[in-house]
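S.K.: Sharing a structure below in structure tokens format, with a few things to ask.
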Amino acid sequence: FGSRLPTTGGTALGAGASSVSFSQQATGLTADTDYYYCAIAQSAEGTSFGAIASFRTSTAPVTTTTAATSVTPTSATLNGVGNPKGATTTGWFRYSSTQPASCSDSFGARAPTSGGSSLGATPVDVSFSRSISGLSPGTRYWFCAISSNAYGTTFGAVLAFDTPPTVPVVQTGFAISITGTGATLTGTVTPGGAATTGWYRYDTVSPGTCNDTFGTRAPTSGGVALPAGNAVVDLIQAATGLSPNTTYYVCAIAENTAGKAVGSVVSFVTPQPPTVVTNAASSI
């Protein structure tokens, strides 16, 4: 049956009465294929046959990317499956907030930065995963699984996941351009990865801590539209109709789909116009 190895002749085993091991290298085989073989020996007394054994030739691994899990605003677990195909295999991931044309071992960040998960040398699927952190809230990430053995490196499909946004971070700044009847309220907001709206509350009586019920709202409804993202942006709003020579307490407020956040309460004083008295003329 099949092919003879070697094609003619064979390994000389001598004429003793003890067992003698012998071997022969087979070449030109097809990767990832089952082969069946048996040993044969022949002497002047006849030919005898060993039992049929089998082996499967190795090849590059098969890699599959599976959905990310445990996704938070700043972290996630990347998942994949690798089939080592009988050769010692290592698996890892690539991810980025910029979509690649296809999976490769050059785009974005590598997880882990070196090495990877040992998948063994079995001919069956082996799941592997890697936790990543330092992600930005409210951001889409693309990732793929990669595995490699002595016969090659293969790539899974590119999948995506979205980190949820976080509640904005708000800081109340100092009032500027203060007049007897108005001021410009300033502050900063980190939107937390989602479109955010910002506004102010102010009053002549301190609320102690900022809330969205005390005093006057500026503007009276709606607010300043702040772009989605994780960069700090300015929140500027005019306050009018103020009274001269009065202490005002003010705080910034911002809200997105993740919730509402408030800044600290700061104060400012509106100036008073000068008082003028006309006296009687003298030295006439």
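S.K.: In this structure, does ALA194 turn out to be assigned to a loop (DSSP other than H, G, I, E, B), among the aliphatic types (A, V, I, L, M) and either at pLDDT below 95 or open to solvent by less than 40 Å² (accessible area, probe 1.4 Å) (or both)?
M.R.: yes
S.K.: While we're on this one: Looking at GLN24, is it modelled with pLDDT of 90 or more and either assigned to a loop (DSSP other than H, G, I, E, B) or in contact with a Phe, Trp or Tyr (Cβ under 7 Å, 6 or more places away or on another chain) (or both)?
M.R.: yes
S.K.: Let me ask something else. Could you figure out which of (1) within 20 Å of THR64 (Cα to Cα); (2) among the basic types (Lys, Arg); (3) within 13 Å of the chain's Cα centre (by Cα) isn't true of LYS85?
M.R.: (3)
S.K.: Modelled with pLDDT of 95 or more, at negative phi and in contact with a Leu (Cβ under 6 Å, 6 or more places away or on another chain) - does that describe any residue in the range 212-220?
M.R.: Kept after step one, since they are modelled with pLDDT of 95 or more, are these residues of the range 212-220: 212-220.
Then drop every residue that is not at negative phi, which leaves 212-214, 216-220.
The next check asks that each one be in contact with a Leu (Cβ under 6 Å, 6 or more places away or on another chain); those that pass are none.
No; the residues of the range 212-220 include none that is modelled with pLDDT of 95 or more, at negative phi and in contact with a Leu (Cβ under 6 Å, 6 or more places away or on another chain).
S.K.: Right, here's the next one. Which pairs do you get when a residue that is more than 30 Å from VAL250 (Cβ to Cβ) and in contact (Cβ under 8 Å) with a residue 60 or more places away in the chain, found in the range 270-283, comes within reach of a residue that is in a loop (DSSP other than H, G, I, E, B) and not hydrophobic (A, V, I, L, M, F, W, C), reach meaning Cβ atoms under 6 angstrom, with the pair 6+ apart or on two chains?
M.R.: From the range 270-283, no pairs qualify.
S.K.: Only one of (1) within 19 Å of GLY182 (Cα to Cα); (2) charged (D, E, K, R); (3) crowded, with 19+ Cβ neighbours inside 10 Å is not met by ASP203, so which one is it?
M.R.: All conditions pass for ASP203, except number (3).
S.K.: Further question on the same structure: Can you pull out the residues in the range 46-76 that are closer than 22 Å to ALA157 by Cα and either open to solvent by 40 Å² or more (accessible area, probe 1.4 Å) or polar (S, T, N, Q) (or both)?
M.R.: THR59, VAL62, THR63, THR64, THR65, THR66, ALA67, THR69, SER70, VAL71, SER75
Here's the yes/no breakdown for (1) among the aliphatic types (A, V, I, L, M); (2) open to solvent by 30 Å² or more (accessible area, probe 1.4 Å):
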{"site": "ASN211", "(1), (2)": "no, yes"}
{"site": "GLY223", "(1), (2)": "no, yes"}
{"site": "ASN245", "(1), (2)": "no, yes"}
{"site": "TYR248", "(1), (2)": "no, no"}
{"site": "ALA254", "(1), (2)": "yes, no"}
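S.K.: Among residues belonging to the range 219-247 that are of a type in the set (A, V, I, L, M) and not in a strand (DSSP E or B), point out the one that is farthest from GLY263 (Cα to Cα).
M.R.: LEU242
S.K.: Name the residues in the range 122-181 that are within 16 Å of SER102 (Cα to Cα), in a loop (DSSP other than H, G, I, E, B) and either free of Cβ contacts under 8 Å to residues at least 40 places away in the same chain or open to solvent by less than 20 Å² (accessible area, probe 1.4 Å) (or both), would you?
M.R.: Hit for the range 122-181 is GLY156, nothing else.
S.K.: Tell me which residues, restricted to the range 46-96, are out of contact with any Pro (no Cβ under 7 Å at 6 or more places or on another chain), free of Cβ contacts under 8 Å to residues at least 60 places away in the same chain and assigned to a loop (DSSP other than H, G, I, E, B).
M.R.: Of everything in the range 46-96, those that are out of contact with any Pro (no Cβ under 7 Å at 6 or more places or on another chain), free of Cβ contacts under 8 Å to residues at least 60 places away in the same chain and assigned to a loop (DSSP other than H, G, I, E, B) turn out to be GLY50, ALA51, ILE52, THR57.
S.K.: When you look at GLY156, is it over 11 Å from the mean Cα position of the chain (by Cα), under 16 Å from ALA68 (Cα atoms) and not hydrophobic (A, V, I, L, M, F, W, C), yes or no?
M.R.: Considered against the rule, which asks whether it is over 11 Å from the mean Cα position of the chain (by Cα), under 16 Å from ALA68 (Cα atoms) and not hydrophobic (A, V, I, L, M, F, W, C), GLY156 comes out as yes.
S.K.: Within the range 77-104, which residues are within 28 Å of SER54 (Cα to Cα) and open to solvent by 20 Å² or more (accessible area, probe 1.4 Å)?
M.R.: Correct list: VAL81, LYS85, GLY86, THR88, THR90.
S.K.: State yes or no: is PRO207 touching a residue at least 24 places away in the same chain (Cβ under 8 Å), closer than 18 Å to VAL265 by Cα, of a type outside the set (A, V, I, L, M) and assigned to a loop (DSSP other than H, G, I, E, B)?
M.R.: When the stated conditions are applied, PRO207 passes them.
S.K.: Could you please find all residues in the range 31-45 being open to solvent by less than 80 Å² (accessible area, probe 1.4 Å), part of a loop (DSSP other than H, G, I, E, B) and either at pLDDT below 90 or aromatic (Phe, Trp, Tyr) (or both)?
M.R.: ALA31, ASP32, THR33
S.K.: Here's something else I'd like to know. Sort out which residues of the range 17-28 are open to solvent by 70 Å² or more (accessible area, probe 1.4 Å) and not aromatic (Phe, Trp, Tyr), and write them in order of number.
M.R.: Across the range 17-28, the qualifying residues are ALA17, SER18, SER19, VAL20, SER21, SER23, GLN24, GLN25, THR27, GLY28.
The values are calculated or read from the model by the stated rules, or taken from the named source; none is laboratory data. Everything quoted here is computed from the prediction, not taken from an experiment. Here Cβ is always computed from backbone atoms with ideal geometry, including for glycine, and neighbour counts include all displayed protein chains. In case anyone asks, the SASA skips ligands and DNA or RNA and just uses the protein heavy atoms, side chains included. Shrake-Rupley method; radii C 1.70, N 1.55, O 1.52, S 1.80 Å.
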